[in-house]
1. Per residue of segment 25-36, what does 6.51 cos²θ - 1.76 cosθ + 1.60 with θ = phi - 60° give for ³J(HN,Hα)? Whole Hz please, x for Gly and Pro, Karplus curve as stated.
2. Which cross-chain or sequence-distant (5 or more) residues have an amide H under 5 Å from the amide H of Ser77, H modelled 1.01 Å from N in plane?
3. Compute the distance in nm between two label points, each set 7 Å from the Cα along the Cα-to-Cβ direction, one at Ser69 and one at Ile28.
4. How far is helix 46-69 tilted, in degrees, relative to the longest principal axis of the Cα atoms in the chain, given as a value from 0 to 90 rounded to the nearest 10?
5. Give me log10 I(q)/I(0) at q = 0.09, 0.21, 0.22 Å⁻¹ for the chain, Debye formula, one equal scatterer per alpha-carbon, no solvent.
6. Using the Cα centre of the chain as origin and beta-carbon charges of +1 (Lys, Arg) and -1 (Asp, Glu), tell me which of Ile4, Thr76, Phe43 is placed farthest towards the positive end of the dipole.
7. Report, by chain and number, residues whose modeled amide H sits under 5 Å from the one on Thr137, excluding near sequence neighbours (fewer than 5 apart, same chain).
8. Do the alpha carbons of any pairs in Lys2/Lys111; Lys34/Lys111; Lys2/Lys81; Lys109/Lys136; Lys70/Lys111 sit beyond 24 Å of each other, and which pairs?
Amino acid sequence: MKTIYSTNVRAIGGRNGHVKSKNGVLDIQVRFPKAFGGINDDFINPEMLFAAGYSACFDGALNLVIQNSKITTGTTSVDAKVCIGQIENGGYQLAVELHINIPNVSVEKAKSLAEEAHQICPYSNATRGNIEVVLKTTNR
């Protein structure tokens, strides 16, 4: 891979800690969600950050595909649902469900555009073959 951009973020304290980017733009506390023994779900957690990154990245890839296709759609949106669960060996794994909305095109075209974006999205390429990623596409 030829690197185009890189970023650095440091975590201290794990899931009950602090993350900060080298440039200081990202500077937040992270906490365990309630399901993992946290006091509530009112804190940012790693799964939330993963969902934010994946949804933004996928929507960017989707808009690039749409632009290259020279078609007109309405404003797209991508909602990422990220789940974490325990696997057989006692470790943990993520699963992702992407809800992709591409207005003003047929359902078939929306699915085709989403699949094409899935092939070029860096998050999709990083997760492919490692975790389950389900695409759910609408055209509202």
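1. So the Karplus estimates, Gly and Pro as x, are 5, 9, 8, 9, 8, 10, 9, 4, x, 4, 4, 10 Hz.
2. Residues meeting the amide H criterion: Asn101.
3. Rounded to a tenth, the inter-label distance reads 3.0 nm.
4. Helix 46-69 and the main axis of the chain meet at about 20 degrees.
5. Relative scattering, expressed as log10 I(q)/I(0), comes to -0.34, -1.26, -1.30.
6. It is Ile4.
7. Ile100
8. On the way: Lys2/Lys111 30 Å; Lys34/Lys111 35 Å; Lys2/Lys81 30 Å; Lys109/Lys136 13 Å; Lys70/Lys111 16 Å.
Cα-Cα > 24 Å for Lys2/Lys111; Lys34/Lys111; Lys2/Lys81; rest within.
Each reported figure results from applying straightforward, stated rules to the coordinates on display, with no laboratory input. Just so you know, these numbers come straight off a predicted model, no measurement behind them. A quick note on method: Cβ atoms are made from the backbone with ideal geometry, for glycine too, and the neighbour counts reach across all protein chains shown.
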